[in-house]
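See structure below.
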Amino acid sequence: MTSFLADSSDPSAPDVKLFTRHPAEVARELIGMILTVDGVGGRVVETEAYHHEDPASHAYNGQTARNGAMFGPVGHAYVYRSYGLHWCLNIVCGDTPGSAVLIRALEPTAGIELMRERRGMEALRLLCAGPGRLCQALGVTLAHDGLPLGAAPFALEPSLQDWEIAVGPRIGLTKAIQTPWRYGLAGSKFLSRPFPKVVAS
């Protein structure tokens, strides 16, 4: 697998080995990291994992023009349009091609006024609460598909503390609906939707 790091000697950069693991592990590990696009972004508070053998994954039936980035290097972006309306940002991962983690929600920490302008609203809690809102706030489009998250315009900074992680079923699916591969920062008010009260330490 290709490293996504612009400078693998940078001690502040996430270890590329993170992205060569099972997407459920990656999704959990991403909680608390700081993700920005051109300096606009915040703390990752919600993710979902999609394995290539998962019936709910875009890669389940193999590679297409739309999902091509999922079969490329780990640590790169996979961007797609949901229902023809909203862009969604994923990070390619896994020890074999075709897996990714959907970034579902951020806690805004940088570029908040620009986010408000892009979203046309003031409510901080709702700026990045959901994958479509998140991409609109950060200015993510198809132009970002396939780009490495370790180089501009992206930046991904590891978390410096441990977080209490909530776990539950993924949202809005018609297949594998009970698979518990949705992860979140427990108690965060910036989630797209509350989790069940069961918390995994």
Self-check item: Percent of alpha-carbon pairs separated by more than 14 Å within region 48-101
Solution: 45 percent
Practice problem: List the DSSP H helices in the chain whose Cα atoms stretch 20 Å or more along the helix axis and whose mean Kyte-Doolittle hydropathy is at least 1.0. | Solution: none
Exercise. Convert each backbone phi in region 161-176 into a coupling constant with the Karplus relation 6.51 cos²θ - 1.76 cosθ + 1.60 (shift: θ = phi - 60°), then list the ³J(HN,Hα) values in order as whole Hz, x for Gly and Pro.
Key: 9, 8, 10, 7, 10, 8, 10, x, x, 6, 10, x, 9, 10, 10, 6
Quiz item: Each residue of region 90-107 in turn: what ³J(HN,Hα) in whole Hz from Karplus with 6.51, -1.76, 1.60 and θ = phi - 60°, glycine and Pro shown as x?
Solution: 10, 10, 5, 7, x, 8, 9, x, x, 10, 7, 10, 7, 8, 8, 7, 10, 8
Quiz item: Sequence-distant or interchain residues sharing an amide H contact under 5 Å with S99, placed H: which?
Solution: H52, C93
Quiz item: Based solely on its DSSP helices, what 222 nm [θ] is calculated for the chain when runs of n ≥ 4 H residues each add -39,500 (n - 2.57) and the sum is averaged over all residues, nearest 500 deg cm²/dmol?
Solution: -3000 deg cm²/dmol
Quiz item: When N is the residue count of region 14-199, what does its C-alpha Rg come to as a fraction of 2.2 N^0.38 Å?
Solution: 0.93
Quiz prompt | Average accessible area per residue (Å²) across the chain - probe 1.4 Å, nucleic acids and ligands excluded | solution = 47 Å²
Practice problem: Considering Cα pairs under 8 angstrom that are at least six residues apart, work out the relative contact order of the chain and quote it in whole percent. | Solution: 27 percent
Quiz item: Hey, if you put +1 on the Cβ of every Lys and Arg and -1 on every Asp and Glu Cβ in the chain, which of P23, I171, C93 ends up farthest toward the positive end of that dipole?
Solution: I171
Self-check item: Sequence-distant residues sharing a close amide H with Y78 (under 5 Å, placed H)
Solution: N90, I91, V92, G146
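The values are calculated or read from the model by the stated rules, or taken from the named source; none is laboratory data. Not measured: the values here are computed from a predicted model. Reconstructed Cβ throughout: ideal geometry from the backbone, glycine too, with neighbour counts over all protein chains shown. Note: areas computed on protein heavy atoms with side chains; ligands, DNA, RNA excluded. Shrake-Rupley method; radii C 1.70, N 1.55, O 1.52, S 1.80 Å.
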